[in-house]
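Below: one structure, written as structure tokens.
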Amino acid sequence: MSEEMFDGLLQGSHRCHPEDLIDLIATHAAPVGLHDPVLYLADLQQVNLVRVPRGRIRPPIEPDERLPVDTTAVGRVFRRNQVRTVPIPDGRCQIWLPLLDGTERLGVLRLTVDADARHRLDPVLGRRARRLASLVALLVVSKRAYSDTLVELTRRDDMSLSAEMQWGLLPPLTFSTERIVVTGALEPAYQVAGDTFDYGIVDDGVHLALFDAAGHDLNSAVVVGLAAAAYRRGRRAGLDLVELGDTIDRTVAARFGPPELVTGVLAHFDAGTGGLQWVLRGHPPPVLLRDGKWVKTLEIKPGLPMGIGVHRPTELGTVQLEPGDRLLFYTDGVTEARDAEGAEFGLDRLVDFVIRREADQLPPPETLRRLIRTILDHQHGHLQDDATVLLVEWRP
């Protein structure tokens, strides 16, 4: 019967209206013992889990319910990627499952299932529920790509034009293979302008880039968007890191030129050999973490910011990583974030925070989610500059 459920869901999903997705799930899951699906999606800043209303939604679009990620048992399902089963008075169980697109955390799915006299979940139903959650996550990603309703439900504020551009350009915030985890975060979510990051997987390696354009306005978003596009185009054409930096420099200079400049760090990590290469173009150097310690700052002679249009030799850095190492990339909006007394957040505090969360055995995406909340708290919720972090982990 479970095969019929998946077949029905897959076939029905092709022409399913995004707002009819929960009804589609309910129709095909009930015959195999999975009842009353309830879908929660994480909001843009991953502060709350937003319940998606069932059926067609008319403006104004408001969620039925918001559950805090940090302080609820349901939030723990999201934070820790753990399944939670809860007995309910009618003798059945509710099972809460994380929704994952690969390793990108989307939200939580709640199902109601039959239980035995001791409120224990049938292992067969448990397996069906986990498989269903995997399929539902894929359907959410598919439908969200063209559903303004699903997008609006996960926003709590008006988004600036520059931020709308930036979020449209970003790759998924988290991606992983058996060997590599890449996860990023950026704030202020609804006002971000000049920061962005990008990555791409090729063979056993991953290409990485972090950009920071001068200023904090719509022009900054256009400049950094152009830099990211030039990076993707050059990367896919097989350019090496030095050539990539020079190409971005010429591209931005030809369209804008000073004072519209972009700093950046461009890197390539080979998960087969553990070799890392990187170049700095007027940007803070990344940090290498190993066994819960700050091993080194990957400092090399920085090249000029991109957009000047003046060719200067750029140094290529190389280092050998060990399994389990973490790489931390950041923009100066993170370390230079100041509290009311003018004290900077600082690189020491940034690195210490990541190391402590590693000791807590938090997954990298949860580490960055908490880091961003801590940076916002440091500035009482109002950042003076864009703050972006990219964390890469090489798994044994």
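Values in this text are rule-based calculations from the coordinates and carry no lab data. Not measured: the values here are computed from a predicted model.
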| Computed from these coordinates, which is Cα extents along the principal axes in Å: [x] 87, 43, 40; [y] 67, 46, 45; [z] 72, 48, 46? | [z]
| task | Report the relative contact order of region 2-153, percent, no decimals, based on alpha-carbon pairs under 8 angstrom and at least 6 residues apart. | result | 22 percent
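Scanning the chain for helices, which whole DSSP H stretches are 30 Å or more long along the axis (Cα) and average -1.0 or more by Kyte-Doolittle?
Numbers: long enough: 123-144 (31 Å, 0.51).
Those that pass (Cα extent of 30 Å or more, hydropathy at least -1.0) are 123-144.
If you take the square roots of the eigenvalues of the alpha-carbon gyration tensor of region 43-104 and sort them as a ≥ b ≥ c, do you get rounded (a/c under 1.5), prolate (a/b over b/c) or oblate?
Numbers: a/c = 1.85, a/b = 1.21, b/c = 1.53.
The shape class here is oblate.
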| note | Within the set Glu315, Glu19, Glu341, GNM on the chain using Cα springs under 10 Å gives the largest fluctuation to Glu341
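Apply the a/c threshold of 1.5 to the C-alpha gyration tensor of region 161-394 and tell me whether it is rounded, prolate or oblate.
Details: a/c = 1.57, a/b = 1.08, b/c = 1.44.
In terms of gyration-tensor shape, oblate.
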| request: Please identify, among Pro172, Pro37, Pro313, the residue showing maximal mean-square fluctuation in a Gaussian network model of the chain using a 10 angstrom Cα cutoff. | output: Pro313
| query | Where is the GNM fluctuation largest for the chain (alpha-carbon springs, 10 angstrom cutoff): Gly168, Gly309, Gly317? | reply | Gly168
| message | Stokes-Einstein diffusion coefficient for region 2-153 at 10 °C in a medium of 1.306 mPa s, Rh from the Kirkwood formula over Cα pairs: what value in µm²/s? | response | 102 µm²/s
| query | For region 102-170, what does the equivalent ellipsoid look like in terms of its semi-axes, each the square root of 5 times an eigenvalue of the Cα gyration tensor, given largest first in whole Å? | reply | 35, 13, 9
| message | What does the extension gain come out to for Glu336 and Arg15, with contour length at 0.36 nm per residue minus their alpha carbon separation? | response | 110.7 nm
